[in-house]
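Engineer: Sharing a structure, written as structure tokens. Questions coming.
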Amino acid sequence: MISVFESFFEIQKEIHELLFSWIPFSVGDILYIFFGIFLSYFIIKCFKKKSRNESLLKILIFLNIFYFTYQIFWGMLYFQKPIISKLPDTKITLEKRKNLAIKYLEKCKQTRLLVKEDENGVFVISELKIIQKEILHQQTWLPNFISAKKGNKISSFKPSMFKNVMSFTGILGYYNPFSAEAQYNSDLPSSYLPFTLAHESSHQLGFAREQEANFVGYLIGVNSSNNELRYSTEYFTLKSLLNSIVYEDEKFVEDMIKNYSDGMKRDRNFEKDFNFKHQGLLNDFFGFTNNVFLKSNQQEGSVTYSYFIDLLVHYEK
Ligand SMILES: [Zn+2]
């Protein structure tokens, strides 16, 4: 049954890409703005007794169509067979995660030497279009036992119109199921950007679950000959590993960060500044007290590592 939706997704995606990918701005964002205006208009009309019933009916019809379309374009993909069932079985130990963290720190250090810096010595990407092309190229080289999906032939990455809101909420990118476009926050530090694109392109490929999109993004970036994409991917992997270790062995994580190369330390500070600047304002406005580092790692129960780490350790076996 799910395979019917997977095939349908391929067709839907191809049609949407043909329709929207050539347009330089995000059609999906325009659509969302239009939805917002439509809903607000009829919600306001609900306050007037005369038009209440009719407006309420219109809102209900709209929400039904919206939800139904979302489900058949995207929601059903959450029922796909999880990637973890395609990987060899192994136990996730702290030891294994530490070894991987050491491995990825070395990789990061090496790759960091090969990328460009701005006048402050912070990693900066030279040409986003080249990275986007490379991501589509790498999609066609994914291991067949993990993804038999057809790679996207057409690039449909769009800078988001809501980038300011995104910076403040910590959202790096999102996939729009109604237009098959991958939106990203163009204000992001360069260290985030290439991996964010790889992640969103994994959604375009048809991986719905967040952590599976991270894992497919990892597969796209980790073997790339594009240094900028590879560095961003290795750095994301390292951060995820350290996030998974910090509750069990804080000292280890501190030592690892001390061992970052000078370039990596500058990138880390730049990311921290970016997050702090936006988080600070958010705190002022709404009184939120959240710690990005902890928040992104919240897990239920005693398991402190994410499904991405789970996939990574299994894959690295
Ligand atoms: Zn995502």
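Per-residue answers, yes or no, for (1) within 14 Å of the ligand (Cβ to nearest atom); (2) in the same structural domain as residue 131 (by TED's automatic domain parsing); (3) open to solvent by 40 Å² or more (accessible area, probe 1.4 Å):
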position	(1), (2), (3)
169	yes, yes, yes
178	no, yes, no
184	yes, yes, no
232	no, yes, no
239	no, yes, yes
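Engineer: Of the numbered conditions (1) crowded, with 17+ Cβ neighbours inside 10 Å; (2) charged (D, E, K, R); (3) at pLDDT below 95, residue 98 satisfies every one except a single condition; which is it?
Structural biologist: So the condition that residue 98 fails would be (3).
Engineer: Sticking with this structure for a sec: For segment 193-223, give me each residue that is in a loop (DSSP other than H, G, I, E, B) and crowded, with 22+ Cβ neighbours inside 10 Å.
Structural biologist: Listed by number, the list holds a single entry, 207.
Engineer: In segment 93-110, how many are in contact with an Asp or Glu (Cβ under 6 Å, 6 or more places away or on another chain) and over 13 Å from residue 238 (Cα atoms)?
Structural biologist: So the answer is 1.
The values are calculated or read from the model by the stated rules, or taken from the named source; none is laboratory data. The structure displayed is predicted, hence computed values, not measured ones. For neighbour counting, all protein chains shown are included, and Cβ atoms are generated from backbone atoms with ideal geometry for every residue, glycine included. The protein model used for the area step is the full one, side chains on, heavy atoms only, and it has no ligands, DNA or RNA in it. Shrake-Rupley method; radii C 1.70, N 1.55, O 1.52, S 1.80 Å.
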